[in-house]
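A short worksheet on the structure shown next.
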2 protein chains.
Amino acid sequence: MNDIEDQSIQQFLDALASKASTPGGGGAAALMGAQAAALVSMVCHLTLGKANYAAVQDDMQALLQRAESLRAELTAMMQADVTVFNQVMAAYGLAKTTDAEKAVRSAQIQHALRAATDVPLACAKACAEVVHLSRIAAEKGNSNVITDAGVAVMAAYAGLKSAALNVYINAGSIKDREFAEQRLAELAAILAGAEVASSAIYQAVQEKLSAA
Amino acid sequence: MNDIEDQSIQQFLDALASKASTPGGGGAAALMGAQAAALVSMVCHLTLGKANYAAVQDDMQALLQRAESLRAELTAMMQADVTVFNQVMAAYGLAKTTDAEKAVRSAQIQHALRAATDVPLACAKACAEVVHLSRIAAEKGNSNVITDAGVAVMAAYAGLKSAALNVYINAGSIKDREFAEQRLAELAAILAGAEVASSAIYQAVQEKLSAA
């Protein structure tokens, strides 16, 4: 099977809708983040080289570079989410007859759950950064494509909140509570910064549209 | 060029990020809605045929049917968004030297703008219905995949808010104010119903995860 990003959109949506456990919400979260980053890049491309936006050319160049880097990262996370989920399922499927088997199985499950917590946490972190980038795109980018910056912020925010659910569910099954609490605290800090920012950015875009 | 849904995810994201005006935020909005509908279907598939969920089999069958119908509708809207946007651009590109040309151009622009308002309005409407479906998935579906119902609600809500921006921008340029105001009123009603519902559904999912 190809990596997810090589599948057609129709194939991906069919697989998402099917009874197969992967791809699932984690892949959808990463795809929302990747779409958001792509829209920030689009705003940059349509601002670069425009005389009216001469003053922000350097900002747009830096913004484009960061958005493209996050887009690549988030696109790769679609496949990473499938991989870690399958590792968790494989660990649960290990033999558990003898005490030795039980110990191996339990250790493998815990190992897999850590990865299955860290992948969506990284996705949440990347999406939160895209929220921040979409604010720059909305404030400084070509105002003809401000709706695209507005869509970027909603997509990034939805990706963040979606990834958060996968952190909660996997962290909840981790026995090493120090590890789990550290991840949950990190997620809470990411969410706290992005929630207010997202609605402020969306509202600013909406107001610019009404004023136009 | 193939229809968008036949492109690979990587090709779509590359096109979204490029300086080409299409695909843009409208296509991303439809794809978020389609992902949300797909995740509702996934929850249905993983609830149907399970003995523990015998009481909700009919609900899940009906939910699946509606989610799949909306998924098809939203997937097709990705292409429809490109088509109507290109029609607006083509109309703006018409000759405008003589008065007769100006009159034809203006009429064509107005005609295209109506379609470019109605497509995202239909997208918003479909996304709002997926928000409602995701509540049923979260409340009655297999609790092992409740995070997928939670991702569905965030994706559908982001699709709705994103489509709304395209309604605002296109309705704003329509000279027939009766037409425009009627569309904006319809959108406002859709949004009013979905805003509170979305955060309530997400919060209920999050609470179920904490209680597990």
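Key figures
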item: A:Gln65 vs. criteria surrounded by fewer than 14 Cβ atoms within 10 Å (Cβ to Cβ), under 18 Å from the mean Cα position of the chain (by Cα) and not hydroxyl-bearing (Ser, Thr, Tyr); result: yes
item: Within the stretch B:73-83, considering residues that are open to solvent by less than 60 Å² (accessible area, probe 1.4 Å) and either within 14 Å of another protein chain (Cβ to nearest Cβ) or at pLDDT below 95 (or both), the one farthest from the chain's Cα centre (by Cα); result: B:Val82
item: The listed residue being in contact (Cβ under 8 Å) with a residue 40 or more places away in the chain, in contact with a helix residue (DSSP H, G or I) (Cβ under 9 Å, 6 or more places away or on another chain) and of a type in the set (Gly, Ala, Ser), out of A:Gly150, A:Gly172; result: A:Gly150
item: Some residue of the stretch B:30-52 being more than 9 Å from chain A (Cβ to nearest Cβ), under 19 Å from A:Asp148 (Cβ atoms), touching a residue at least 12 places away in the same chain (Cβ under 8 Å) and surrounded by 14 or more Cβ atoms within 10 Å (Cβ to Cβ); result: yes
item: Filtered residue count, the stretch A:130-143, keeping only those that are crowded, with 24+ Cβ neighbours inside 10 Å and in contact with a Lys or Arg (Cβ under 9 Å, 6 or more places away or on another chain); result: 3
item: Residues (closer than 14 Å to A:Ser162 by Cα and either open to solvent by 20 Å² or more (accessible area, probe 1.4 Å) or away from chain A (no Cβ under 13 Å) (or both)) located in the stretch B:151-175; result: B:Tyr157
item: Qualifying positions in the stretch A:176-212 - of a type in the set (S, T, N, Q) and farther than 24 Å from A:Ser143 by Cβ; result: A:Gln182
item: So B:Ser198, is it at pLDDT 95 or above, within 12 Å of another protein chain (Cβ to nearest Cβ) and outside any helix (DSSP H, G or I); result: no
item: Which numbered condition B:Asp148 fails, given (1) closer than 16 Å to B:Gln35 by Cβ; (2) under 16 Å from the mean Cα position of the chain (by Cα); (3) at the interface with another protein chain (Cβ under 9 Å from one of its Cβ atoms); (4) open to solvent by less than 20 Å² (accessible area, probe 1.4 Å); result: (2)
item: Positions within the stretch B:12-24 being small (Gly, Ala, Ser) and either open to solvent by less than 10 Å² (accessible area, probe 1.4 Å) or in a helix (DSSP H, G or I) (or both), in sequence order; result: B:Ala15, B:Ala17, B:Gly24
item: Among the residues listed as B:Gln7, B:Gln79, B:Gln65, the single one being in contact with a strand residue (DSSP E or B) (Cβ under 8 Å, 6 or more places away or on another chain) and not β-branched (Val, Ile, Thr); result: B:Gln7
item: Single condition A:Gly27 does not satisfy, out of (1) in contact (Cβ under 8 Å) with a residue 60 or more places away in the chain; (2) surrounded by 23 or more Cβ atoms within 10 Å (Cβ to Cβ); (3) assigned to a helix (DSSP H, G or I); result: (1)
item: Among (1) within 13 Å of chain A (Cβ to nearest Cβ); (2) within 20 Å of the chain's Cα centre (by Cα); (3) surrounded by fewer than 23 Cβ atoms within 10 Å (Cβ to Cβ); (4) touching a residue at least 12 places away in the same chain (Cβ under 8 Å) - the single one B:Ala188 does not satisfy; result: (4)
item: Boolean, B:Arg105 is more than 9 Å from chain A (Cβ to nearest Cβ) and either open to solvent by 70 Å² or more (accessible area, probe 1.4 Å) or polar (S, T, N, Q) (or both); result: no
item: In the stretch A:196-212, the residues that are exposed (fewer than 12 other Cβ atoms within 10 Å of the Cβ) and more than 23 Å from the chain's Cα centre (by Cα); result: A:Glu207, A:Ser210, A:Ala211
item: Selection count, the stretch A:53-62, where residues are under 20 Å from A:Glu129 (Cβ atoms) and either among the β-branched types (Val, Ile, Thr) or surrounded by 15 or more Cβ atoms within 10 Å (Cβ to Cβ) (or both); result: 3
item: Residue check, B:Glu178 acidic (Asp, Glu), within 16 Å of the chain's Cα centre (by Cα) and open to solvent by 30 Å² or more (accessible area, probe 1.4 Å); result: no
item: Where a residue in the stretch B:1-23 is more than 7 Å from chain A (Cβ to nearest Cβ) and its partner, wherever it lies, is of a type in the set (Phe, Trp, Tyr) and surrounded by 16 or more Cβ atoms within 10 Å (Cβ to Cβ), with Cβ under 6 Å and at least six apart; result: B:Thr22/B:Phe85
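Listed here are the residues, each with its yes/no results for (1) out of contact with any Pro (no Cβ under 6 Å at 6 or more places or on another chain); (2) open to solvent by 40 Å² or more (accessible area, probe 1.4 Å); (3) not in a helix (DSSP H, G or I).
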position: B:Met89; (1), (2), (3): yes, yes, no
position: B:Ala95; (1), (2), (3): yes, yes, yes
position: B:Ile109; (1), (2), (3): yes, no, no
position: B:Ala116; (1), (2), (3): yes, no, no
position: B:Leu121; (1), (2), (3): yes, no, no
position: B:Ala126; (1), (2), (3): yes, no, no
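The values are calculated or read from the model by the stated rules, or taken from the named source; none is laboratory data. In this text the structure is predicted, and so the values were computed from the model without any measurement. No Cβ is skipped: glycine too gets one built from the backbone with ideal geometry, and neighbour counts run over all protein chains shown. We work out accessible area using only protein heavy atoms, side chains counted, and drop any ligands, DNA or RNA first. Shrake-Rupley method; radii C 1.70, N 1.55, O 1.52, S 1.80 Å.
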